[in-house]
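Trainee: Got a structure for you, questions after.
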Amino acid sequence: MNNSLWKLIGMHLKEFYRDPEILFWTIFLPIATAYILGVAFDDNRRHIQKIAIVRESVSENSITEWQQKATSLSARETFEFSVLSGEEAMLRLRRGRTALVLQSDNKGNVVAVFDPGNRESSSTYLALTSLLSSEEKIPIQAITQKGHRYIDFLIPGLIAMGVMNSILWGVGYSIIEFRMKKLLRRLHATPMSRLNFFLSYFVVRNLVTLFEALILLVFGYFSFKHMIQGDFLSLFLFFLAGNFAFSGIALLISSRAGNTRIGNGIINAVTMPMLVLSGIFFSYLNFPESVIPLLEKLPLAVFADGLRMIMNEGADISIVAGKAVYLVAIGLASYLAGLKIFRWN
Amino acid sequence: MIENRLVSQPVLEIKELHKSFRNLKALNGVDLTVHKGEYVALLGPNGAGKTTLLEIVEGIQKPDKGFIHLFGTTWHENQKELRHKVGLSFQDTRFVDRLTVMETILLFSSFYKVPKKKAVEVLEKVKLTEKANAFVPSLSGGQRQRLALAIALVHSPEILLLDEPTTGLDPHARRDLWHILDQLRKDGLTLILTTHYMEEAEYLCQRIVILYQGKILADGAMDQLLSSHAAEQVIEFQLIDDLAPPESLEKLKGFKELYFEQRTHKWVLKVDSHFSTLKKFLSKVGQDNLRLLETRKMNLDDLFISMTGRHLSE
Ligand SMILES: Nc1ncnc2c1ncn2[C@@H]1O[C@H](COP(=O)(O)OP(=O)(O)OP(=O)(O)O)[C@@H](O)[C@H]1O
Ligand SMILES: [Mg+2]
């Protein structure tokens, strides 16, 4: 084999291992992601199918009967039954906290309520019915009511994901690129206000994400008759809070990286796990009970959950105020931390 | 001028400046005082510390120790004021690809709150008016340097600090830039530039500072520097059949130095005056053995070689 090929191969390898940051992001990150996903989807061990039973729809006797059945089924450790009020059960279904709801219809027969468009619900339904004898078959009552379907769960999540991606790539990557081109230090050698510099990113990104969100909403409306239950002002304010959080995070993660390859790694390292863990496509409640309190606090999860509450449940800003404040606080803390360690050189 | 120097406070005053990167001494005790209206060239080979010195003056890097005052104040005390008084261009900066020349200059002028009229004037000054609507990546090297200069000038600074403004330009583009910088002199501007070209230093600057391994080796006007080193004249020659010159050359009157220059394949003989030595030189070498003979005045590079054994632009 010729020498220059070896030299070229050597060059690429050196580029790689002499940049320990890249090494970290490219080797450590996939392992971490694989582990996390493995935990989430480990069907045999951990994946619990959550089923809600509506209390009002069954008599005292049948509740006991259901509970017995539930326990006998739960012995297989794949189902978790909870007996709830009808309202609570539907709320959980809407938020993805339960895969399906069992209740009796007006004739007194048990039906399974869920959106057949939701894969997770469908698979839970299949798993459940496969355990029952054929005469016990539970008919499906498909959810058609707006705000309750899988698509209603999905669209706010997609909006939140769009905001995260758009801002982390749009702001974070751009700052790192400016640093690499030495433009950042040139700007810093002028009396340019730092606040204006970062504010300009925030303003532009807000416009972009707003536009992206509108496209999704229009698409959702025409294709699925997805409608916003809450008011637009609340939605807008909460949206801003989410934008603010991710702008701060973008500044923090781009505060030191000196080249775009490292930037790529860092941004992926932040966005990928959040995408997987924050309940965008499926509820994060599938993860082990012990980590759920942490997952609930991921900025993307808070943002998506809040958007769902406004868009699907008609919550107004006062109801999601806690989440909004949390997002603003995350944004502010990241911004200040990022500014403190920011490298203009 | 002399009186003025005595009464007026210097624009830049540096004493015993040190800067290290790990165990590498980039600046090793630099003293430099520059007065208003002076054009100073910082010359030195790669790694001499030119950029480091300039960036410390620009407030971009911090010295490890030493005294540095710019307009009687420091970056620490008066960052804002100094930013308005200093115009600069770095050794290499890329601007925003998706902006035109005009948009770029307007962006920078907004940081100094300078009206658009001024930006247009500056473009005129650096002869980029025709390129106002061109995108930055489409500019030639020379045009790009002029854009960098325009940005450095947009707020009418009192001192201009340029790091290798003409490196990589062809001689024509280099001369264009010299003329522009020459024109600025009448505004009372103070200029410090770094360069590898002694012609540039000689053309533009009445004062030349030679930096080598983080120290100032020489500082003064060109004539002063050359005459301070006694040798004034250089005889360059080539011999047929790769002959070595006779050792007796060292006994010539006014002999200073003799060495073989690899780059040009010439022997270089430095003497006090070639008028008095040329005849003796010819008789010692033997006219028939000469393939080539040139005489010239000593230049900065010769001076630098005799001080360090290296060329200025290596
Ligand atoms: N950030 C840095 N980290 C480590 N070493 C540095 C750094 N900046 C400069 N140096 C070293 O300091 C010395 C002086 O560098 P400097 O850039 O000032 O030289 P220069 O005279 O501008 O050279 P050139 O003509 O090549 O631009 C060099 O040896 C260089 O390697
Ligand atoms: Mg340099």
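Trainee: Just to be sure before I move on: is B:Gly220 away from chain A (no Cβ under 14 Å) and within 16 Å of ligand 2 (Cβ to nearest atom) in the structure I sent?
Mentor: No; evaluated as a whole, the condition is false for this residue.
Trainee: On to the next question. Can you tell me which residue is farthest from ligand 1 (Cβ to nearest atom) among those in segment B:48-92 that are farther than 23 Å from B:Leu189 by Cα and surrounded by 15 or more Cβ atoms within 10 Å (Cβ to Cβ)?
Mentor: That would be B:Gly66.
Trainee: Find the helices (runs of 4 or more DSSP H) located wholly in segment B:56-158 whose residues include 1 or more that are within 23 Å of B:Glu16 (Cα to Cα) and among the polar types (S, T, N, Q), and list them.
Mentor: In segment B:56-158, B:75-85 are the helices (runs of 4 or more DSSP H) which contain 1 or more residues that are within 23 Å of B:Glu16 (Cα to Cα) and among the polar types (S, T, N, Q).
Trainee: Which of (1) surrounded by fewer than 17 Cβ atoms within 10 Å (Cβ to Cβ); (2) modelled with pLDDT of 95 or more; (3) within 16 Å of ligand 2 (Cβ to nearest atom); (4) not basic (Lys, Arg) is the odd one out, the single condition B:Thr33 does not satisfy?
Mentor: Here B:Thr33 meets the rest and fails (3).
Trainee: Only one of B:Gly141, B:Gly188, B:Gly168 is surrounded by fewer than 15 Cβ atoms within 10 Å (Cβ to Cβ) and within 16 Å of ligand 2 (Cβ to nearest atom); which?
Mentor: B:Gly168
Trainee: Filter segment B:261-277 down to the residues that are over 13 Å from B:Pro245 (Cβ atoms) and aromatic (Phe, Trp, Tyr) and list them by number.
Mentor: The one that is over 13 Å from B:Pro245 (Cβ atoms) and aromatic (Phe, Trp, Tyr): B:Phe275.
Trainee: Across segment A:296-335, which residue is surrounded by the most Cβ atoms within 10 Å (Cβ to Cβ) among those that are under 23 Å from A:Asn165 (Cα atoms) and among the charged types (D, E, K, R)?
Mentor: A:Arg308
Trainee: Please work out if B:Gln91 is at pLDDT below 95, within 14 Å of chain A (Cβ to nearest Cβ) and under 16 Å from the mean Cα position of the chain (by Cα).
Mentor: The answer is yes for B:Gln91.
Trainee: For B:Gly66, state whether it is of a type in the set (Gly, Ala, Ser), over 25 Å from A:Ser174 (Cα atoms) and more than 14 Å from chain A (Cβ to nearest Cβ).
Mentor: In short, yes.
Trainee: Can you find, within segment B:36-47, the residue that is surrounded by the most Cβ atoms within 10 Å (Cβ to Cβ) among those that are in a loop (DSSP other than H, G, I, E, B) and within 11 Å of ligand 1 (Cβ to nearest atom)?
Mentor: B:Gly44
Trainee: Among the candidates B:Ile60, B:Ile14, B:Ile56, single out the residue that is among the β-branched types (Val, Ile, Thr) and more than 16 Å from ligand 2 (Cβ to nearest atom).
Mentor: None of the other options fit; the residue is B:Ile14.
Trainee: So, one more: If you scan segment B:279-314, which residues turn out to be outside any helix (DSSP H, G or I) and more than 27 Å from B:Leu211 (Cα to Cα)?
Mentor: Those that are outside any helix (DSSP H, G or I) and more than 27 Å from B:Leu211 (Cα to Cα): B:Gly286, B:Leu290, B:Arg291, B:Leu292, B:Leu293, B:Glu294, B:Thr295.
Trainee: Quick one: which of A:Ile167, A:Ile138 is touching a residue at least 60 places away in the same chain (Cβ under 8 Å) and either in the same structural domain as A:Gln103 (by TED's automatic domain parsing) or under 22 Å from A:Leu332 (Cα atoms) (or both)?
Mentor: Answer to the check: A:Ile167.
Trainee: Consider only pairs whose beta carbons are under 6 Å apart and that are at least six residues apart or on different chains; among these, list those whose first residue lies in segment A:303-314 and is within 16 Å of A:Lys225 (Cα to Cα) and assigned by TED's automatic domain parsing to the domain that holds A:Gly96 and whose second residue is at pLDDT 95 or above and of a type in the set (D, E, K, R).
Mentor: none
Trainee: Does A:Val208 satisfy being away from chain B (no Cβ under 14 Å) and within 16 Å of A:Ser247 (Cα to Cα)?
Mentor: Yes: the conditions hold for A:Val208.
Trainee: Of the residues B:Ser227, B:Ser248, B:Ser276, only one is of a type in the set (Ser, Thr, Tyr), exposed (fewer than 12 other Cβ atoms within 10 Å of the Cβ) and part of a helix (DSSP H, G or I); which?
Mentor: Just one listed residue meets the conditions, B:Ser248.
The values are calculated or read from the model by the stated rules, or taken from the named source; none is laboratory data. Keep in mind it's a predicted model, so treat the numbers as computed, not measured. All Cβ positions, even for glycine, are placed from backbone atoms using ideal geometry, and neighbour counts span all protein chains on display.
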